[in-house]
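Inspection log for the structure reproduced underneath, given as structure tokens.
The values are calculated or read from the model by the stated rules, or taken from the named source; none is laboratory data. Quick caveat: nothing in here was measured; it's all calculated off a predicted structure. No Cβ is skipped: glycine too gets one built from the backbone with ideal geometry, and neighbour counts run over all protein chains shown.
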Amino acid sequence: MNFGCDTGFYAMNLIPICCLIFAPVAGAIIHVIGVEGEAVLLTFPLTEGSEAIAIDWRYKKQQTETKIASFAHGIITTDDDIQFNTRLILNTTVVFLQIEPLHLQDSGLYVVEIKLQDKRKVFERFNLTVYVKISNTFLKKKAGSNHCTAEESGKLADVRSKHNCSFILECGAEKGNYIHFYWQKSGANLTRWISDCSPHSVNCSLMEVPTDQENCNANYSCTASNVVSTETKYIIPCFTAQEKTCRDRYFIGLSVVSLMLVAMGLSAKFYIRQKNEGKHKEYSRMRFLCITQD
């Protein structure tokens, strides 16, 4: 029975260890999902009454196969390969191999060969794919994207009218792998006007949209997703960071003017008060002189 991990496993916020158990079809490769920086558990349970007297774990990437852990003559060895040194735990009772923490380069094929007490040999293969959780996503209106011809606006194949102005939205993630991007406009899925940023930029997606009242004021969202994580960003194209900066500057200007007016008012009030107090002191002095002369 195969209890492979999926996204639901991680959503439950349980201990981040993925347990893979014996596949029902002999010889079938068990596909394993791992997360960079977390732990993964490759498990091959023995049938009741069986006992392993020797175990070999091998790692195969491209055309190279290397022994990474073993059990023989009662001795467990987990430092056979420098790539996995100090990151492996081998259990001989349940027969599992734990790798922690996972590195991105740990993706590949793992083969376990077990020699049983009754002289039989059994083996299993695990295909491990290590994912990087998506983080630091962004969605922005690309600078200089307001053009009025298809040639000037990114040269995307889906823009057919040379008379329509357009803007380009850019969505991406600084971290993550095997990312798929999904676009929506006011909650409805979009499939047109979408392009990759470049052949070498796999963590980025572009959308080019005609500039009109409907599209300009719509709420667009971009979701970056892989098997182990999802992040979504939102934007209203006509309210850009530059426009926000201008608006902020406007309100800052108003605040400065208001403070200046308040300061001037307080200064005038203080001046009038000082003047009145001066007059009062002068009146008191003159009255005192008159009383003294009398």
- Query: For segment 80-90, which residues satisfy the criterion of being in a strand (DSSP E or B) and crowded, with 16+ Cβ neighbours inside 10 Å?
  - Reply: Leu88, Leu90
- Task: Select from segment 173-193 the residues that are surrounded by fewer than 19 Cβ atoms within 10 Å (Cβ to Cβ) and aliphatic (A, V, I, L, M) and list them in ascending order.
- Result: Ala188, Leu190
- Counting only residues that are assigned to a strand (DSSP E or B) and under 15 Å from Ala188 (Cα atoms), how many does segment 203-232 have? 7
- Item | Single match in Tyr220, Tyr250, Tyr234 (criterion: among the hydroxyl-bearing types (Ser, Thr, Tyr), over 30 Å from Ala39 (Cβ atoms) and at pLDDT below 75) | Tyr250
- Message: Looking only at residues that are more than 13 Å from Lys233 (Cβ to Cβ) and in contact with a Ser or Thr (Cβ under 6 Å, 6 or more places away or on another chain) in segment 170-208, which one is modelled with the lowest pLDDT?
- Response: Glu208
- Message: Which count do you get for residues in segment 88-137 that are of a type in the set (S, T, N, Q) and closer than 15 Å to His31 by Cα?
- Response: 3
- Message: Tell me whether segment 111-122 contains one or more residues that are touching a residue at least 24 places away in the same chain (Cβ under 8 Å), assigned to a strand (DSSP E or B), in contact with a helix residue (DSSP H, G or I) (Cβ under 9 Å, 6 or more places away or on another chain) and farther than 23 Å from Val32 by Cβ.
- Response: no
- Query: Does at least one position in segment 91-101 carry a residue that is surrounded by fewer than 17 Cβ atoms within 10 Å (Cβ to Cβ), modelled with pLDDT of 95 or more, under 27 Å from the mean Cα position of the chain (by Cα) and not in a strand (DSSP E or B)?
  - Reply: yes
